[in-house]
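Structure, as C-alpha cells:
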Amino acid sequence: MPTRTSSALTGQPAAATPMAFARAIVAAYPRYKQSPVKALKLAQITPADLRQADGHITARQMEVLSGAAMQELDDEVLGAFSRRLPWGSYGMLARASLSAPNLGVALKRWCRHHALLADDIHLKLATTGDSAAIVIEERADLGRHGQGQREFCLVHVLRNIHGLACWYIASRIPLQGARFPFAAPPHADAYQHMFPGPLRFGAAQAEIRFDARYLALPLRRDEKALRQMLQRALPLTVLQYRRDRLLVQQVRQTLTANPADTHSAEGIASLLHMSARTLHRQLKEEGASLQKLKDEVRFERAKDLLNRSDKPLKQIAAAAGFRNEKSFMRAFREWTGASPGEFRGGRQLPQVHPTYVPP
C-alpha cells in the first residue's frame, strides 16, 4: 500500500513521497522481463524525475504507479518475496478477517493467513502490558535485490496492516512508535508522515506499536463496505480517519498519570504525539472537551486524596494538577459548593458535576 500524506486529504498535491520508493517499484520490472514505461507515464514520472536522488512525488502519483505495477506484474509485493502475491491477495486477507469479533482477532487471523501466502516474512501480533505491536520477522533476504527494495517492502507491509486495522474499526490508531532494522535513509523525514510518532532506525526488527485497548474494539465493516474499499484500496491509510475511538480514554489516562505535565493543551497533546489543535478538534468530534475532562480527572483525584489522606491542601492541589492551592480551593468550591476542608470534615455535599474552568 503506497504512502499518502495529509495534504492529500485537502486536495493539495504536496510531493512528500520519496522518489526512492518509485525506484524500488521500477526495479521490480526487469525481474519479470517487463518494462515500467507505461506505469511511469500513467504516474507522470519522467526518467529524469526518477533519477533525482532526493526527489519526491505526490501521494496520487504513488497510488497510480503502485496500482499499475501491481496489476502489470500481477504481484502485490512487487518482487519482494520469493514468490509473487497475485493481484487481489491482500483483499482476500482482508475478507478472511472480516467476521472477527474484534480487532485483536482480526489482526491475528491476518498475520496467520499471510504466512500461508508467503514465508519470506512472519508477522506477529504481540502484546506487552498496555501496548500492542505488529512485528515483522524476516525469514529470507529481502535485500537480495537491493536495500531499497527491502526498505520499501517493510514499509509497504506495515502501512498495509496499519491502514487495514484503522479501516476495520473506522478509527484512527495513533502509533506509540515505529522501528525499522536499517539505518535512517536520506528521506527519513518522510517517515513522520507515514508513521507519526517516535521513530527508531537500526532496530532488530520492523514493527509498529499502539495502545492495546484498540484490540478489543469491534469491527465496524461488512462485505458491502469491503467491496467498496477494494475498488480503491491503495490509498487506504490512517490519515483519512479523523475519529479516534479511544481518544477520550487516552486523554483521561494521560491526565491521571501526568498531573504535573498536563496543565496546558500543548502539554497533553505532546504526550499523545499530536498537535493541540488536532486534540481539540478530535475531542469535539467525540462530543467531549479537554477542559471538561481535565476537571473530571482533577475532581476525582482531589476527592480521593481528601478522603484517603491527611496531606496538606497544598500537596493535594499539586497532586490533582493545579498550579497552586488558591486555584484548587476556588475550583473545588465551584464544583461542590464547599471548601476542601469542609469536604474533608465530612459535610454532606450536593452532587455537582464539575463545570468550573480554572485559570
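Bear in mind these aren't lab numbers, they're just calculated from the coordinates by the rules spelled out. Predicted model, so just to flag it, every value in this text is computed and none were measured. Note that we place each Cβ from the backbone using ideal geometry, even for glycine, and neighbour counts take in every protein chain shown.
Let me know the longest stretch in the chain that avoids all trypsin sites (Lys or Arg not before Pro) found in a DSSP loop with at most 14 other C-beta atoms within 10 Å. Counting only loop sites that pass the neighbour cut-off, the longest clear stretch is 244-322. Rounded to the nearest 0.05, the FRET efficiency derived from the C-beta distance between K38 and Q192 at R0 = 22 Å is 0.10. The listed peptides 264-270, 181-187, ordered by packing as a protection proxy, come out as 264-270, 181-187 (highest mean of other Cβ atoms within 10 Å first).
Modelled spin labels at E266 and A126, positioned 7 Å past Cα toward Cβ, are 3.7 nm from each other. Can you tell me how region 74-154 classifies by the Cα gyration tensor, rounded, prolate or oblate, using a/c under 1.5 as the rounded cut? Oblate, because a/c is 1.5 or more while a/b does not exceed b/c. Report summary: the helix-based calculation at 222 nm, which adds -39500 (n - 2.57) for every DSSP H run with n ≥ 4 and divides by the residues of the chain, gives -13500 deg cm²/dmol. Where the centroid of each part is defined by its Cα atoms, how far is region 311-325 from region 237-298 in Å? Cα centres, region 311-325 to region 237-298: 22 Å. Applying the Kirkwood pairwise sum to the alpha-carbon positions of the chain produces a hydrodynamic radius of 22.7 angstrom.
Among beta bridges from DSSP that stay inside the chain, the antiparallel ones total about 90%.
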